[in-house]
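Accompanying notes for the structure given below.
Read-outs throughout are calculated quantities, based only on the coordinates presented, and are distinct from any laboratory measurement. Treat the numbers as computed from the prediction; the structure is a model and nothing was measured. Positions of Cβ are generated from backbone atoms using ideal geometry, with glycine treated the same way; all protein chains shown enter the neighbour counts.
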Amino acid sequence: MIEEPYRWVEAIANRREYIEAQLASGSPIAALGYRDGILFLTLGQTRQKIFEIYNRIAMGAIGHPGDIERLRMAAIELASTEGFTRSAADVSLRRLVHYSLSPVMKSAFEQVYGAPYLARMLFAEVGERPEEDLFLRVEYDGEIATSGATFAQARNDFAALSGTRQSRELMESFLQAEHAPDTGFEAALKSALDAWSVGQMALQTGDTKEMPVRTAVEKYRREQLANTGIEAGILERDPSRGIRYRALMDKELRALIHD
Amino acid sequence: MEPSLVRLDQNFAGTADDFPTLLRRKGLLGPAAIVDPISPVGGLHQRNWEPTEATTILAFKFSGGVLVAGDRRATSGNTVVYDRADKVLEIDRHSIMAIAGVPATAWEMARVLEHSFQYFRRTQLQEMSVDGKVRALSKLLRDNFGFVMQGVGMVVPIFATYDSHPKPEARLYFYDAMGAQFEVTDYAATGSGSPAVRGILYYENNWGAKPLQKLNEDEAVSIALRALDTAAESDTSTGGVDRSGKIYPLIKIVSQDGITTLAETKIAAVFKQTVA
């Protein structure tokens, strides 16, 4: 089959369609930089989706649990051995993703007789200052999207991950409008919950590109919060600490939401 | 070129090795030393070459948790190599490893240990139990025992930590060079100055103004300083308190809230008031 170039392209296209369908129901994850760190947030309580990778690096992922687990373990293993042999300061998210994860995911995706990774990941690395925060989204085919400035857009201090492209783009434009990078934790928490709601609503209504109205988002958020748990973690900016990641309990977050 | 660290294992099985095993698989940590019963103990190697050694450390429980103190001297034979050595090392938010013995080996062990605990938490998504942590250090010592037999790399640590399960309490252990762990109720001391220190702590605990566990922080610091100064009086390898150079022992406290390193100014104040 793969001797013929056209068949290979077709196989890849099929595979892409299959993976997209598999990932389409993945509940969104929002990551927002704020004054004292980076917040990762999602709703749901079926299985954990936000993880600590190394001192300054965290990850959120949707996809098949087996694949997420393999990639997560690999990332921890790489970061830990690097941090051990050199120093924690030498562990960098950019290198981890560009030199290790992305090439492996790309080749797994393109070797059409093998299994691809059914996973989509969002990484963040907290910097000394908000401008130094780094967000990287890695797709199942090894494609990397960064929060950095390009010709087309300014640098973002947030990133989103969702089951479909429409849902993710809506979350991004919502955060673009609503989220200020130098804000406090409570404001970031509220933006993250609303961004999640926007993303989740888009997943449920299907092929929409319309931003829902504000009141609808707030109503939806309240309904969802009443039924399901919050999963969240922060990377603290505090330089006096080596390990910056901390998982946040549902209970401590509820106290900060004034609905 | 050294082997690339950034390589992904395509056949990853999903189960996590313990961290030293992972390091050995990647060739980043030497294999466990082989114990050779035929080679003479304290043979040629030791006579020709004296490894740098760190000395006296002590730890005891007091009303605010566990106090861990170490003098600052590192020696090699008769020579003082360094007078600001750090022998009281933080391993995680609630654990301290204090070392007597060869720092080259001990600091490497501390590094492995620190990464082991974090690696476990990150991969397994739960904190390693106190028993697991105590065992991890024991295993590192056991792996090192071949070097001890060859007369190099002897490490005799103290491990202090705060356990939240099942009931919150401070836990204190000392080890022998082969890796046996001994949990103590009140105090521990290792290193060349330890006989004097043990004498003082035993005396204070039984016939002092109050038992060690009832001391407040200032009283505890005072006793730690007196004990180290006494050890230094007869043991040349122990630095004690350097009055002319103003070098004080390093003191850390483990409590439920984590680890506090006492500021040198505070130690100096207690020293002036109650020791000097």
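Structural remarks
- Shape category assigned to the stretch A:5-254 from the gyration tensor of Cα positions, a/c cut at 1.5: oblate
- Label positions at residue B:266 and residue A:129, each projected 7 Å from the Cα along the C-beta direction, are separated by 3.3 nm.
- Only alpha carbons enter this Debye calculation for the stretch A:127-245, each as an equal point scatterer, and the log10 of I(q)/I(0) it gives at q = 0.11, 0.16, 0.18, 0.21 Å⁻¹ is -0.42, -0.88, -1.09, -1.37.
- Using all pairs of distinct alpha-carbon atoms, the Kirkwood hydrodynamic radius of the stretch B:84-152 works out to 12.8 angstrom.
- Likely footprinting exposure, B:159, B:271, fewest C-beta neighbours within 10 Å first: B:271, B:159
- Summing charges over all other residues whose Cβ lies under 13 Å from the Cβ of residue B:94, with Lys and Arg as +1 and Asp and Glu as -1, gives -2.
- With bins 10 Å wide beginning at 0, the percent of Cα pairs of the stretch B:51-275 falling in each bin runs 8, 36, 37, 16, 2, 0.
- Ellipticity estimate at 222 nm from DSSP helix runs (n ≥ 4, -39,500 (n - 2.57)) divided over chain A, nearest 500: -13000 deg cm²/dmol
- Span from the the stretch B:133-174 Cα centroid across to the the stretch B:66-104 one, whole angstrom: 14 Å
- By the compact-protein rule of thumb, 2.2 N^0.38 Å, the alpha-carbon radius of gyration of the protein assembly as shown corresponds to a ratio of 1.15.
- Part-to-part distance (alpha-carbon centres) for the stretch A:178-249 and the stretch A:123-168, which is given in Å: 16 Å
- Scanning residues 5 or more positions from residue A:229 or on other chains, those with amide H under 5 Å from its amide H are A:44, A:45, with H placed 1.01 Å from N in the peptide plane.
- By the count of neighbouring beta-carbon atoms within 10 Å, fewest first, B:87, B:252 end up ordered B:252, B:87.
- Sorted by Cβ neighbour density within 10 Å, fewest at the top, the residues A:46, A:208: A:46, A:208
- Spatially proximal lysines relative to residue B:87 (Cα-Cα < 27 Å; intrachain offsets below 8 disregarded): B:61, B:133, B:139, B:214, B:246, B:252, B:266, B:272
- Amide H contacts of residue A:158 (H built 1.01 Å from N, under 5 Å, at least 5 apart or other chain): A:33
- Every Cα-Cα pair of the stretch B:157-247 was included, and the share exceeding 20 Å stands at 45 percent.
- Mean Kyte hydropathy of 0.0 or more with a Cα span along the axis of at least 20 Å, helices from DSSP in chain B: B:130-149, B:217-234
- Total formal charge among the other residues, if their Cβ is under 11 angstrom from that of residue B:197, Lys/Arg +1 and Asp/Glu -1: -2
- Net charge of neighbours whose Cβ lies under 14 Å from the Cβ of residue B:74, counting Lys and Arg as +1 and Asp and Glu as -1: -3
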